[in-house]
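See below for the structure under consideration.
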Amino acid sequence: MEFFKTNDGCNIAYQDVGSKSLPVLILLHGFTGSSEVFQQNIPALSKRFRVVAPDLRGHGASEKPPHGFHVFRLAMDLHNLLGHLKVSQPDTVKCIAGSLGCSILWSYAELFGTGVFSHMIWIDQAPMQNYASDGSWGSAEGNRGMNSAAAVANLKATLKYDPDSVYKGTIAGCLGYRNHPVEGESISDETRTADEEFFLAIARKGNPEWYGNLMADHTALDWRQSIVETFGKAESKTNVLVVATNRSGCFPAAGPMAAVSFANSKAEIPRARGVVIEWGGHWCYWEDSVRFNQLALDFLL
């Protein structure tokens, strides 16, 4: 594990795997995770890319400051990471982002543009979590549970007195075999237990109150028009693959897939496409790493 310091003095941990002569591939994890969630993906991906996987501020081995629980701050951390890596040439960086990581990329695009990125993969994150008051976005697209101020308030309260119940609920919602089991799928008790212990240990490395503040910021943001105006511009050359799933406990597939139409709505040359998978849930890259790795490589290469 290596470290760099952000412009506001926060120490961020990151893995740097693969030859430095290869193109850079950034891996961005989601809420309560760390770069360790990609341990089944990095060996395969690092054969073709220099894989750089940070632990987000407040997560994993990175510093846990009492501030900075905003998606825009995490986007600035990504900008600082690219500066640390001395990566600035257009169309030179690729990125795979899951959940919250997608929002970080959308925020980055607002702040700094899309120019440095040639390819992005957005995994199971809708452009808006809450339901819209005007009826334009609701249960068919938004988050299945974390979709209102009341839901966030309940989450923050629970994180204060029983954080493990929140972490375990997150795990249950993110593993497709837990929340959307399919007939004939055989997951051993040993695997179920090992998965829960693994993700629970990672989540416990963060501060529960900080997590709650981050989720409150995350859920309040609406990226729909932002995606149109950033990725849809003629000058944007970023190719996007949206990965959605019918087995997510977080979003119906229509939510993440809507990002495809937003990204292409103004584009002279449509550069976004989507795929709905059936072999995993919100953490599909963990549940079937072999399939995910091949899907990613087919798109990125």
Residues listed by number, the stretch 6-38, amide nitrogen under 18 Å from residue 67 label point at 7 Å toward C-beta: 6-12
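Where in the chain are the helices, taken as whole DSSP H runs, whose Cα atoms extend 15 angstrom or more along the long axis and whose Kyte-Doolittle mean reaches at least 0.5? Intermediate values should be presented prior to the final figure.
On the way: long enough: 71-84 (20 Å, 0.54); 100-112 (18 Å, 1.18); 149-161 (19 Å, 0.58); 163-174 (17 Å, 0.03); 189-203 (21 Å, -0.27); 208-219 (16 Å, -0.92); 254-264 (16 Å, 0.89); 289-300 (16 Å, 0.60).
Qualifying helices: 71-84, 100-112, 149-161, 254-264, 289-300.
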Separation of the residue 4 and residue 111 label points, Cα + 7 Å toward Cβ, nm: 1.3
Selected from 237, 160, 64 as most flexible by GNM, with the chain as the system and alpha-carbon contacts under 10 Å: 160
Translational D in µm²/s for the stretch 107-239 (Stokes-Einstein at 37 °C, 0.692 mPa s, Kirkwood Rh from C-alpha pairs): 189
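Which net charge results for the neighbourhood of residue 107, defined as the other residues with beta-carbon distances under 14 angstrom from its beta-carbon, given Lys and Arg at +1 and Asp and Glu at -1? Each step should come with its number before you reach the end.
Values: positive: 57, 73, 224; negative: 77, 110, 217, 222, 229.
Counting the neighbours of residue 107, the net charge comes to -2.
So, by mean Cβ neighbours within 10 angstrom, what's the order for 175-183, 32-40 with the highest one leading?
Top to bottom by mean Cβ count within 10 Å: 32-40, 175-183.
Using just the helices of the chain, give the 222 nm mean residue ellipticity in deg cm²/dmol: DSSP H runs with n ≥ 4 each add -39,500 (n - 2.57), and the total is spread over all residues, rounded to 500.
Working: 12 runs with 122 residues, N = 301.
When only DSSP H runs of four or more count, the value is -12000 deg cm²/dmol.
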Inter-site label distance for residue 222 and residue 197 at 7 Å from Cα along Cβ, in nm: 4.6
Square roots of 5 times each gyration tensor eigenvalue, C-alpha, the stretch 2-300, largest first, Å: 25, 22, 21
Highest-MSF residue in the chain out of 114, 238, 191 [GNM, Cα springs under 10 Å]: 191
Spatial separation of Cα centroids for the stretch 141-156 and the stretch 38-97, in angstrom: 27
Estimated inter-spin distance, residue 237 and residue 190, nm [label 7 Å along Cα→Cβ]: 5.0
GNM top mover of 274, 169, 101 - the chain, alpha-carbon springs below 10 Å: 169
Computed over the stretch 1-128, Kirkwood Rh from alpha-carbon pairs, angstrom: 14.4
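Multiply the residue gap between residue 246 and residue 269 by 0.36 nm, knock off their C-alpha separation, and tell me the result in nm, one decimal place. Can you show the working numbers first?
On the way: separation 23, 0.36 × 23 = 8.28 nm, distance 2.82 nm.
Answer, rounded to one decimal: 5.5 nm.
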Percent breakdown of C-alpha pair distances by 5 Å bin, ordered from the shortest bin, for the stretch 160-301: 2, 9, 14, 17, 17, 17, 13, 7, 4, 1, 0
Rg in Å to one decimal, and Dmax rounded to a whole Å, for the stretch 1-62 via C-alpha atoms: 11.6, 34
Charge sum, other residues only, whose C-beta stays under 11 Å from residue 130's C-beta, Lys/Arg counted +1 and Asp/Glu -1: -2
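Sort 84, 119 so that the residue with the fewest other Cβ atoms within 10 Å of its own Cβ comes first and the one with the most comes last. Working shown, then result.
Details: 84 17, 119 21.
The order, fewest Cβ neighbours first, is 84, 119.
Readers should treat all values here as calculations from the given coordinates under stated rules, not as data from a laboratory. None of these values were measured; they are calculated from a predicted model. Here Cβ is always computed from backbone atoms with ideal geometry, including for glycine, and neighbour counts include all displayed protein chains.
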